[in-house]
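Derivation of every value follows stated rules applied to the coordinates shown; laboratory data play no part. Predicted model only: the values in this text are computed from it and were never measured. In this analysis, Cβ positions are derived from the backbone assuming ideal geometry, glycine residues included, and neighbour counts consider all displayed protein chains.
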Amino acid sequence: MAQITKLGLHLPTDPRWVNLAEISLEEILTDHAYCEQKAATSCISLIQAYPERVELVEEVAPVVTEEWGHFRLVLAELKKRGLKLGRQRKDEYVNQLLTFQRKSLSREEALLDKLLICAMIEARSCERFRLLSLHCSEEDLRDWYHKFMVSEAGHYRMFLDLAELYFGKEQTLARWQACLAFEADIMKQLSPRGDRMH
């Protein structure tokens, strides 16, 4: 199965998604804003759950600031365009992805799945930002989305590196492959929506 760029994703985003996203720019920007907010919250939750993991705290803490900065950037883009931040909507993709986490694990064992789910969300976001950076009709938006793509790629790699640090390369890779397959099944079930980042 061909992998998408260097992210390892098994299933590409439906090409129609970019066209749909451009049609409902206020909606996609609203969803983007809340994705950044939730990413910051997830990082805070990781730190709160595993404060003794020194490397995790040191690596993840700056991402909290970065993600919140991204939230503010999206708010500024909405304002610049005379658009408004809408209400937060249910994220079917993330909710389904969260079910990948095994329920019977100890607190320490659960960290692997948490890190891999975070990595997966960042990887899919990176792929979507790449598509927007390549195919948006507005040049300013293409450049704008490119910066988000680069950032998400770094976060994706950080979460995988932390998983390998704590659980070793072999265990991490085996579970990551399972996560990739699980995510591909989710993508097959979800129809492309232009008002959602995922």
### Query
Based on Cβ point charges of +1 for Lys and Arg and -1 for Asp and Glu, what charge dipole magnitude is obtained for the chain about its Cα centre, in debye rounded to the nearest 20?
480 debye
## Note on the structure
Here the residues of the stretch 66-85 lying in the modelled label zone of GLU22, meaning backbone nitrogen under 19 Å from a point 7 Å along Cα-to-Cβ, are 78, 81
### Query
Which value at 222 nm does the chain reach when only helices count, each DSSP H run of 4 or more adding -39,500 (n - 2.57), with the total divided by all residues and rounded to the nearest 500 deg cm²/dmol?
-25500 deg cm²/dmol
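How high is the relative contact order of the chain, in percent, with contacts defined as C-alpha pairs under 8 Å that are six or more residues apart?
After rounding, I find 33 percent.
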### DSSP H segments from the chain that extend 27 Å or more along their own axis, Cα-based, with Kyte-Doolittle mean of 0.0 or above
25-49, 54-80, 107-135
#### Entry: Inverse mean reciprocal Cα-Cα distance (Kirkwood Rh) of the stretch 1-86, Å
15.1 Å
#### Entry: Fully extended contour minus Cα-Cα distance, from LEU173 to ILE44, at 0.36 nm per residue
43.9 nm
### Message
5 Å is the cut-off here: which amide hydrogens, built 1.01 Å from N in the peptide plane, fall below it relative to LEU9, excluding neighbours closer than 5 in sequence?
### Response
ILE4
### Query
By counting other Cβ atoms within 10 Å of each Cβ, how are PHE148, PHE100 ranked from fewest to most?
PHE100, PHE148
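What ranking do 175-186, 116-127, 72-83, 33-44 get when scored by the average of other Cβ atoms within 10 Å per residue, highest first?
The densest-packed peptide leads the list: 116-127, 33-44, 175-186, 72-83.
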### Positive dipole terminus of the chain, leading residue within GLN189, TYR166, SER42 (C-beta point charges)
GLN189
### Task
With a point put 7 Å past each Cα toward its Cβ, work out how far ARG157 is from LEU98 in nm, to one decimal.
3.0 nm
